[in-house]
Amino acid sequence: MKHAKFIKSAAVMTGGFLIAKAIGAFYRISLTGILGSYGIGLYQMAYPLFLLFLTFSSAGIPSALSRVVSAESARGRETTGHMKTALRLFAFIGLSGALLMCAVAALMSGLQGDQNLTACYLALAPSVFLVALVSVLRGYFQGRNDMIPTAFSTVVEQAVKAGFGFIAARIAGDPVRGAMLALLGVTISELCALVYLLMRYKGERKIKSLRKVNGYSLFGVVLPVMVATAILPLSRTLDSIVIVRLMKGYTDRAVSLYGLYSGGVMSLIDLPATLAGGFVAAAIPLVSSSASRGDIEGTRKNAALALLFTFAFSVPCAVFLFAFASPVVRLLYASLSEADLKTVVALVRLSSVSAVSLAAVNTLSACLTGMGRAKCAARAMLVAVVVKFALQWLLVSNPALSVGGAAIASNACYLVAFFLDSVYTWRVPKSKSLLAGKLKSKEA
């Protein structure tokens with residue numbers, strides 16, 4: 001029964017991700033044709049700052065809140081106290097991030113060399129606030145092992161963004177206005193997702209007993225998860241600096257090679273891990289419920305179950321990418337030159353192992369979060385990222401390896417993280433509570 005519930009939860013999430021990815025891929029291709037190179041350039045240039053603010057305002061919130069809610073449910077303490085505190089806390093954090101993004105919009109536009117980006121940033125900034133609230137509500141439902149609201153709201157986001165963005169970009173009349181309206185579609189899509197989730201939450205909260213929860217204690221639970229979630233995307237931001245600078249020492253195609261690797265290759269390698277996100281979301285309540293009862297053996301078995309299903313999904317994907325790299329790459333990137341196609345094919349085959357290890361790292365990080373050991377996941381990823389940068393320095397600077405050194409370094413990064421996460425997951429200290437850092441609360 002437990003296994004069936006886990007499979008059902010993972011299937012619902014994976015189905016939602018698949019539909020959302022399909023809508024997003026179609027939209028991105030269509031938007032490029034409508035906006036042209038300049039318009040889509042503005043659209044893409046606005047995203048890095050936006051994602052940076054999202055990292056600090058909402059990364060890890062669904063996982064952290066999922067663990068809190070599932071642990072409370074396992075103890076028989078159904079409560080809205082945590083949610084009221086979380087909504088207030090992250091509304092403040094999200095609003096602060098949105099206002100800060102507005103404040104630095106003109107400055108960033110100047111640094112990037114195009115003042116037209118200011119309007120794009122202002123259209124996108126409210127999303128920082130909205131995503132923080134959406135993340136809290138998703139965490140609540142995931143903690144109750146109800147994945148439908150998260151899956152459906154993800155599809156709603158993509159559908160609204162694509163529908164509004166497609167129509168607005170076509171009637172905009174110029175690429176600058178089109179890019180701004182397309183980014184405004186992101187904000188509108190998050191608002192629609194928030195309205196849907198609030199309606200679902202309003203229908204359930206009446207059955208809960210109200211408890212007061214210390215906001216600082218709640219933030220202390222969420223912070224390690226946010227850090228663990230943020231390390232990898234922040235390291236990838238640094239990759240764009242380190243890898244390009246190292247290759248510029250011996251080639252004038254440094255930016256192009258990095259683009260082939262980060263855009264062409266990693267988009268394919270990340271896809272299995274993204275689609276395996278259903279196992280990540282389902283693993284937290286599964287592990288947290290047994291961990292909160294002090295069932296160490298059950299916790300280990302649940303973590304092993306989540307990892308087994310992750311392997312069952314990601315290993316065939318990795319084998320497929322390795323075996324059919326050439327036809328897949330030539331189909332998706334037909335406009336590339338023959339030399340670039342061969343480079344991407346070689347890099348996809350070299351990086352295919354990461355399709356498995358990255359998915360496994362995400363799942364084990366979720367299991368550690370469910371155990372209340374998110375600090376261990378953050379520590380493992382930090383060590384792995386240090387290894388990655390050390391190898392980049394050694395390998396990418398070698399012209400014979402070039403960008404292939406970056407692929408090797410990433411492979412090593414995920415394998416190190418997987419090894420450390422495995423150690424932390426199965427070497428649970430028997431003398432301590434599995435759920436460290438419990439929330440301080442009192443009956444109202």
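A few comments on the model shown:
- Leading residue by the ranking (surrounded by the fewest Cβ atoms within 10 Å (Cβ to Cβ)) among those in the range 366-409 that are within 17 Å of the chain's Cα centre (by Cα) and within 24 Å of V265 (Cα to Cα): L382
- Summed over the range 138-158, the residues that are open to solvent by 50 Å² or more (accessible area, probe 1.4 Å) and of a type in the set (A, V, I, L, M, F, W, C) give a count of 2.
- Within the range 304-327, the set of residues being touching a residue at least 40 places away in the same chain (Cβ under 8 Å) and either in contact with a Leu (Cβ under 8 Å, 6 or more places away or on another chain) or closer than 30 Å to A339 by Cα (or both) comprises L305, A306, L307, F313, S314, V315, C317, A318, L321.
- For the range 281-303, the set of residues classified as without any contact (Cβ under 8 Å) to a residue 40 or more places away in the chain and surrounded by fewer than 16 Cβ atoms within 10 Å (Cβ to Cβ) consists of D295, E297, K301, listed by residue number.
- The range 200-245 - residue that is of a type in the set (F, W, Y) and open to solvent by 60 Å² or more (accessible area, probe 1.4 Å) and, of those, modelled with the lowest pLDDT: Y216
- Residue among S73, S63, S96 that is closer than 23 Å to L234 by Cα, open to solvent by 20 Å² or more (accessible area, probe 1.4 Å), at pLDDT below 85 and assigned to a helix (DSSP H, G or I): S63
- Selected residue (criterion: nearest to Q115 (Cα to Cα)) from residues of the range 172-199 that are modelled with pLDDT under 90 and open to solvent by 30 Å² or more (accessible area, probe 1.4 Å): V176
- Summed over the range 105-128, residues that are without any contact (Cβ under 8 Å) to a residue 40 or more places away in the chain and over 16 Å from A182 (Cα atoms) total 8.
The values are calculated or read from the model by the stated rules, or taken from the named source; none is laboratory data. Bear in mind that the values here come from a model prediction, so they are computed numbers and not experimental data. Reconstructed Cβ throughout: ideal geometry from the backbone, glycine too, with neighbour counts over all protein chains shown. Each accessible area value is taken on the protein alone, full model and side chains, heavy atoms only, with ligands, DNA and RNA left out. Shrake-Rupley method; radii C 1.70, N 1.55, O 1.52, S 1.80 Å.
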